[in-house]
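What follows is a single structure, written as structure tokens, with notes after it.
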Amino acid sequence: MVWNFFFFANSLLLGAGLAMDAFSVSLANGLNEFEMKKTRMCMIAGVYAFFQFAMPMIGWICIHTIVEHFNTFHTFIPWITLLLLGFIGGKMIIEALSHKNEEKKEAGLKLSFGMLMLQGIATSIDALSVGFTIADYNVIMALIASIIIAAVTFGICMAGLSIGKKAGSRLSSKASVLGGIILIGIGIEIFIKNLFF
């Protein structure tokens with residue numbers, strides 16, 4: 001592979017394609033936490049971008065080292081994603097429907113760091129497969145491609161969080177339920193897409 005327009009275009013398109021799940025989860029997080037500050041938005045988008053950077057690199061390393069183990073793990077990706085997003089979405093819905101803390105409900109339910117990490121893994125785990133598509137890149141090209149994917153993911157997630165915040169402020173307490181439903185839906189969609197197509 002050589003450095004040319006197609007390398008950068010391919011990396012940008014990969015980034016946009018891989019970021020769609022993270023965009024949807026960002027939208028759900030914006031709905032859920034509609035009073036989120038800009039620094040928190042950057043932190044959340046940064047976590048998703050980091051995982052979208054790391055997963056293709058891990059996939060690339062697996063291709064060049066332990067490919068047979070990666071192939072075995074690849075079959076578990078849809079199940080892991082479904083379980084993680086189903087758990088996070090279900091927890092969101094249960095918390096939103098619980099009337100124990102009305103004040104918390106009014107401001108939106110805050111996403112914990114642990115849940116954010118789980119979301120980052122769940123939305124990027126299928127990016128491990130990108131290691132196959134960039135297998136003929138040298139290590140520098142694989143790094144640059146992964147950085148481009150991360151940058152695209154960051155921008156797309158910031159847009160998702162902004163849109164979600166605007167809609168969440170209008171929907172108030174119903175936003176958390178909608179956010180949870182969206183997360184569960186994304187988990188099911190990824191599961192079906194990876195398992196059957």
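If I stretch the segment between Met43 and Thr75 completely, what's the gain in nm (0.36 nm per residue apart, minus their alpha carbon distance), one decimal? Walk me through the numbers before you get to the answer.
Numbers: separation 32, 0.36 × 32 = 11.52 nm, distance 3.07 nm.
My answer for the length gained is 8.4 nm.
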Of the listed links Lys91/Lys165; Lys38/Lys165; Lys37/Lys193; Lys110/Lys165; Lys110/Lys193, those spanning more than 22 angstrom between alpha carbons are Lys37/Lys193; Lys110/Lys193
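What full-extension length gain, to one decimal in nm, is calculated for Glu35 and Lys110 as 0.36 nm per residue of separation minus the Cα-Cα distance?
Working: separation 75, 0.36 × 75 = 27.00 nm, distance 0.95 nm.
Extra length from Glu35 to Lys110 when fully extended: 26.1 nm.
Once fully extended, how much extra length lies between Ala16 and Ala167, figured as 0.36 nm per residue of separation less the alpha-carbon to alpha-carbon distance? Please report the intermediate quantities before stating the final value.
Details: separation 151, 0.36 × 151 = 54.36 nm, distance 2.28 nm.
My answer for the length gained is 52.1 nm.
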Could you sort Lys166, Lys193 by their accessible area in this structure, using a 1.4 Å probe and putting the largest first?
Lys166, Lys193
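The values are calculated or read from the model by the stated rules, or taken from the named source; none is laboratory data. The structure presented is a predicted model; accordingly, all values stated were derived computationally and were not measured. Ligands, DNA and RNA are stripped out before the accessible areas are found, and what is left, the full protein with its side chains, is counted by its heavy atoms. Shrake-Rupley method; radii C 1.70, N 1.55, O 1.52, S 1.80 Å.
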